[in-house]
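The structure appears right after this line, and notes come after that.
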Amino acid sequence: MERLNRPSELWERIRALDESNKRCCDCGSRHNVDWVSINLLCVVCIQCSGVHRSLGSHISKVRSLNMDDLHSNRELKYLLVNHLINRNVNSVYEARIPAGIKITKDAQPADRARYIVDKYMHKKYVERTMQATLTNSQMANDKDIRDTEIEDLVRHIRAKSILGLQRSLAMSKHTLKDLCLHYGIRSPTLFQLSLEQFEATSSGTLVYYISEYLLLNGLLIDDQRAVGKTKLDVSPGALEYWTSRQNMYDTYANAMMQNNGETNGGSNGLARDRTKNGRMSNGLPRRANTQNDGKRRLYLDTQSSAFDNNRSSGPFSATSNKKRWSLASPTSILSIHKSLSRRDSHKKS
């Protein structure tokens with residue numbers, strides 16, 4: 001794989017990959033089409049990127065091709081220059097779109113937002129062949145549906161088909177995290193199975209792009225401490241990649257604890273997103289991307305912006321190497337809680 005040093009080079013490679021990449025995946029605009037969803041693998045304009053951000057990073061992880069560092073992550077860069085094709089994404093998420101529904105570059109903000117939410121969050125235009133077959137069967141139940149979805153997922157992992165995985169995830173009734181919990185810690189796990197699929201670059205470097213794509217979409221990573229000796233069954237290159245991602249993504253152990261806590265009505269000490277399903281918005285354990293400086297809890301970037309929450313470059317972005325902090329930190333509370341407010345020594349009692 002060629003070395004790409006500047007954002008413009010990466011953008012030119014993406015544009016050259018497919019004609020559809022020269023237009024926004026959602027509205028077809030040719031203006032400011034320099035925002036990418038690294039987990040959906042599509043490029044969009046600046047107007048549509050704002051709606052993508054509002055979906056939450058568990059649905060679309062948005063990055064700027066001009067401002068964010070997308071070069072330091074070898075696997076992500078490989079995905080972008082080889083598998084980011086708007087036409088493929090639309091063949092999945094617009095498979096059943098009625099005539100006259102797709103928005104144009106001149107769409108009103110409300111119409112743009114409604115369309116993108118329907119397209120990616122509600123999956124309104126995705127083909128439902130797999131689910132329809134199962135639903136119409138009298139013997140079908142949720143376990144049957146999960147088993148079938150996992151079989152489809154495994155088939156595409158072994159085929160090293162990104163497009164197949166895109167279809168599988170879009171058509172699935174369940175999230176990838178849910179499927180991982182249902183699949184359980186078998187040998188090999190879904191993560192270990194994905195490690196068996198890789199590509200070698202011209203320099204001989206192994207790129208675990210299948211694992212990377214799945215992790216970006218919610219795959220649970222195995223905790224090496226829990227796996228024990230079985231991790232030695234993978235190649236040295238796979239083990240190195242595994243180690244580099246260990247603390248960046250949610251593990252089976254954490255997900256199972258959280259799942260049990262939600263079932264029992266407890267939090268198990270894990271922060272929970274304030275959404276309907278109670279899941280964390282970025283799919284990462286809070287302990288993996290937080291530090292405490294003794295005064296306030298700092299939310300720091302991980303090693304690459306690809307694994308961060310939905311954030312772009314700015315004064316507190318990954319590219320600026322500055323710390324982020326939560327506005328809900330304990331220090332902020334002090335200023336509004338009257339019992340903890342500073343007493344004025346000159347105020348008469």
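Tell me, please, whether a residue that is touching a Lys or Arg at 6+ places or on another chain (Cβ under 8 Å), among the polar types (S, T, N, Q), free of Cβ contacts under 8 Å to residues at least 40 places away in the same chain and outside the structural domain of residue 169 (by TED's automatic domain parsing) can be found in region 52-69.
First, pick out the residues of region 52-69 that are touching a Lys or Arg at 6+ places or on another chain (Cβ under 8 Å): 58, 60, 62.
From the residues that got through so far, the ones that are among the polar types (S, T, N, Q) too are 60.
From what's left, free of Cβ contacts under 8 Å to residues at least 40 places away in the same chain: none.
Within region 52-69, none of the residues are touching a Lys or Arg at 6+ places or on another chain (Cβ under 8 Å), among the polar types (S, T, N, Q), free of Cβ contacts under 8 Å to residues at least 40 places away in the same chain and outside the structural domain of residue 169 (by TED's automatic domain parsing).
Run down 110, 170 and say which single residue is in the same structural domain as residue 94 (by TED's automatic domain parsing), in a helix (DSSP H, G or I) and modelled with pLDDT of 95 or more. Please lay out each step first, then the result.
On the way: 170 fails: in the same structural domain as residue 94 (by TED's automatic domain parsing).
Going through 110, 170 in turn, just one is in the same structural domain as residue 94 (by TED's automatic domain parsing), in a helix (DSSP H, G or I) and modelled with pLDDT of 95 or more: 110.
What about residue 155, is it exposed (fewer than 15 other Cβ atoms within 10 Å of the Cβ), of a type in the set (D, E, K, R) and at pLDDT 95 or above? Talk me through it step by step, then tell me what you get.
Numbers: exposed (fewer than 15 other Cβ atoms within 10 Å of the Cβ): yes; of a type in the set (D, E, K, R): yes; at pLDDT 95 or above: yes.
The answer is yes for residue 155.
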Positions within region 146-167 being of a type in the set (A, V, I, L, M) and either touching a Phe, Trp or Tyr at 6+ places or on another chain (Cβ under 6 Å) or part of a helix (DSSP H, G or I) (or both), in sequence order: 150, 153, 154, 157, 162, 163, 165
Unmet criterion (only one of (1) in contact (Cβ under 8 Å) with a residue 60 or more places away in the chain; (2) out of contact with any Lys or Arg (no Cβ under 7 Å at 6 or more places or on another chain)) for residue 206: (1)
Residue satisfying all of: in region 113-149; modelled with pLDDT under 95 and β-branched (Val, Ile, Thr); nearest to residue 91 (Cα to Cα) among these: 129
Selection within region 89-123 - surrounded by fewer than 16 Cβ atoms within 10 Å (Cβ to Cβ) and charged (D, E, K, R): 96, 106, 111, 114, 118
Pairs, first on the phi < 0 side of the Ramachandran plot in region 220-239, second at pLDDT 65 or above and among the aromatic types (Phe, Trp, Tyr), C-beta under 6 Å, six or more apart: 220/252; 221/191; 221/249; 222/191
Identity of the residue in region 202-230, modelled with pLDDT under 95 and among the hydroxyl-bearing types (Ser, Thr, Tyr), that ends up farthest from residue 158 (Cα to Cα): 203
Inter-residue pairs, beta-carbon under 9 Å, first at positive phi and in region 139-163, second of a type outside the set (Val, Ile, Thr) and surrounded by fewer than 14 Cβ atoms within 10 Å (Cβ to Cβ), 6+ apart: none
Selected residue (criterion: modelled with the highest pLDDT) from residues of region 244-269 that are part of a loop (DSSP other than H, G, I, E, B) and over 19 Å from residue 215 (Cβ atoms): 265
Residue match in region 76-96 (condition: among the basic types (Lys, Arg) and touching a Phe, Trp or Tyr at 6+ places or on another chain (Cβ under 6 Å)): yes
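The values are calculated or read from the model by the stated rules, or taken from the named source; none is laboratory data. Bear in mind the structure is a predicted one, so any value in this text is a computation, not a measurement. Cβ sites come from the backbone with ideal geometry, for glycine too, and all protein chains shown count toward neighbours.
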